[in-house]
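Inspection log for the structure reproduced underneath, given as structure tokens.
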Amino acid sequence: MQGLVTVFGGSGFVGGQVVRALAKAGHRVRVAVRQPNLAYKMRMLGDVGQIEVVQANVRNAASVARALDGAEGCVNLVGVLFESGRQKFLSVHTMGARTVAEAAAKAGVKHLVHISAIGADVNSPAKYARSKGEGEAAVREAFPGATIVRPSIVFGPEDDFFNRFAQMAALAPALPLVGGDTRFQPVFVGDVAAVIAKAVASPAAAGVTYELGGPTVYTMREILELILVETGRNRPLIPLPWPVASLIGSLGDLVAGVIPPPLTSDQVQMLKSDNVAEQGLPGLAEAGVTPTAVEAIVPSYLYRYRKGGQYAETPAGAVLGIIVRPGAKDERP
């Protein structure tokens, strides 16, 4: 086996795929998470003894240092989509990122891969994007050779995007449409994991910032229409004016400490800006990864939201696992 790689936040949706990719590439992997008792399945992603799970919290410098003991590589995947309790954007995305980068530099780690997000900007009006931008700056200051990876919306069987709206379509008589013309470039979780695994082992990736987007750009309206087609649901899309969406987001802020909110005021702010890869920055192709289309993966897990689930007939427009985009030519055989 190759050298040890510590993965902070390795038990999440993206983290599980990153750990699998690193193990497949022959690395020994140390998964550092806040609650190790909930991450026992991580050990089954590699050979016996190849993967270990340890306790660490990016808000605690001592635990971070322990998790990096003896590591040659480090991946920081820790992030939150909304603030709750002590899990604040500043403490996790900015201060936590600095703590990991400083500890990695002190421990003599050769490769650090920091996961940010498209839209990260220290001047952004959205707290999430602003904290991500500040985190990138902190990482660059503490560990100049770090590789920064900025994905667009990440999709896959356990995602919290396509699944969330598909569930809403199954339960609600209509779907709210916020930022219908806002553009997204969804990227497959397996492709993101492949880029990270390559970057950990590649000296050429040192100091590089990747922006990862899939092969197709969609508007929010097109994404919801794709979901409705694949789940066989006939639901109207109800456009929400920004003031109404902001009000709903404010209500989401109030319940965020109790339940995952459907929408927060910060997410409303982010929906006002496109989420696509910037031209001129390296992406999947430059990392040596072939982009995977939404239509090739999403049907394999959204079928469960159809009436009848796996036994349901294939909805019109979704044939052999391929979704026909609204307005596109139907090329079914």
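Just a few scattered comments:
- Contact map, region 59-72: first residue at positive phi, second residue surrounded by fewer than 24 Cβ atoms within 10 Å (Cβ to Cβ), Cβ cut-off under 7 Å, separation 6 or more or different chains; pairs are Gly70/Leu4.
- Across region 91-126, the number of residues qualifying as out of contact with any Lys or Arg (no Cβ under 8 Å at 6 or more places or on another chain), surrounded by fewer than 20 Cβ atoms within 10 Å (Cβ to Cβ) and within 26 Å of Ser273 (Cα to Cα) comes to 1.
- Within region 172-224, the set of residues being among the acidic types (Asp, Glu) and either part of a loop (DSSP other than H, G, I, E, B) or under 27 Å from Arg306 (Cβ atoms) (or both) comprises Asp181, Asp191, Glu222.
- Hits in region 31-51 (condition: open to solvent by 30 Å² or more (accessible area, probe 1.4 Å) and either of a type in the set (Lys, Arg) or at pLDDT 95 or above (or both)): Arg34, Lys41, Arg43
- Filter result (of a type in the set (Val, Ile, Thr) and over 17 Å from the mean Cα position of the chain (by Cα)) within region 1-32: Val5, Thr6, Val29, Val31
- Under the condition of being within 22 Å of the chain's Cα centre (by Cα) and outside any helix (DSSP H, G or I), the residues counted in region 281-318 number 14.
- Hey, Glu225 charged (D, E, K, R) and open to solvent by 30 Å² or more (accessible area, probe 1.4 Å) or not: yes
- Residues of region 298-316 satisfying the condition of being open to solvent by less than 30 Å² (accessible area, probe 1.4 Å) and of a type in the set (A, V, I, L, M): Val298, Leu302, Ala312
- Qualifying position, being among the aromatic types (Phe, Trp, Tyr) and open to solvent by 30 Å² or more (accessible area, probe 1.4 Å), among Phe13, Phe8: Phe13
- Filter result for Ala32 (of a type in the set (Gly, Ala, Ser), in a helix (DSSP H, G or I) and either free of Cβ contacts under 8 Å to residues at least 60 places away in the same chain or at positive phi (or both)): no
- Residue within region 214-223 that is touching a residue at least 40 places away in the same chain (Cβ under 8 Å), of a type outside the set (A, V, I, L, M) and in contact with a helix residue (DSSP H, G or I) (Cβ under 7 Å, 6 or more places away or on another chain) present: yes
- Qualifying residue in region 142-155 (condition: modelled with pLDDT of 95 or more, of a type in the set (Phe, Trp, Tyr) and closer than 30 Å to Lys106 by Cα): yes
- Hits in region 177-200 (condition: of a type in the set (A, V, I, L, M, F, W, C) and in contact with a strand residue (DSSP E or B) (Cβ under 7 Å, 6 or more places away or on another chain)): Leu177, Phe184, Val187, Phe188, Val189, Val192, Val195, Ile196, Ala199, Val200
- Subset tally (residues that are under 16 Å from Gly179 (Cβ atoms), part of a loop (DSSP other than H, G, I, E, B) and touching a residue at least 24 places away in the same chain (Cβ under 8 Å)) for region 225-244: 1
- Note on region 67-81: among residues that are within 15 Å of the chain's Cα centre (by Cα) and surrounded by fewer than 19 Cβ atoms within 10 Å (Cβ to Cβ), the one that is farthest from Arg30 (Cα to Cα) is Leu81.
- Options Ala206, Ala166: the member that is more than 17 Å from Ala293 (Cβ to Cβ), open to solvent by 30 Å² or more (accessible area, probe 1.4 Å) and aliphatic (A, V, I, L, M): Ala206
- Members of region 270-300 found to be under 22 Å from Met220 (Cα atoms) and of a type in the set (A, V, I, L, M), listed by number: Met270, Leu271, Val276, Ala277, Ala293, Val294, Ala296, Ile297, Val298
Let's see how each residue does on (1) open to solvent by less than 60 Å² (accessible area, probe 1.4 Å); (2) within 18 Å of the chain's Cα centre (by Cα); (3) touching a residue at least 60 places away in the same chain (Cβ under 8 Å); (4) over 25 Å from Gly156 (Cα atoms):
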| residue | (1), (2), (3), (4) |
| --- | --- |
| Ala170 | yes, no, yes, no |
| Val178 | yes, no, yes, no |
| Val195 | yes, yes, yes, no |
| Leu247 | no, no, no, yes |
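The values are calculated or read from the model by the stated rules, or taken from the named source; none is laboratory data. On a predicted model such as this, the values are computed, not experimentally measured, just so you know. Neighbour counts run over all protein chains shown; Cβ positions are idealised from the backbone, glycine included. Side chains are part of the model used for accessible areas, which takes the heavy atoms of the whole protein and leaves out ligands, DNA and RNA. Shrake-Rupley method; radii C 1.70, N 1.55, O 1.52, S 1.80 Å.
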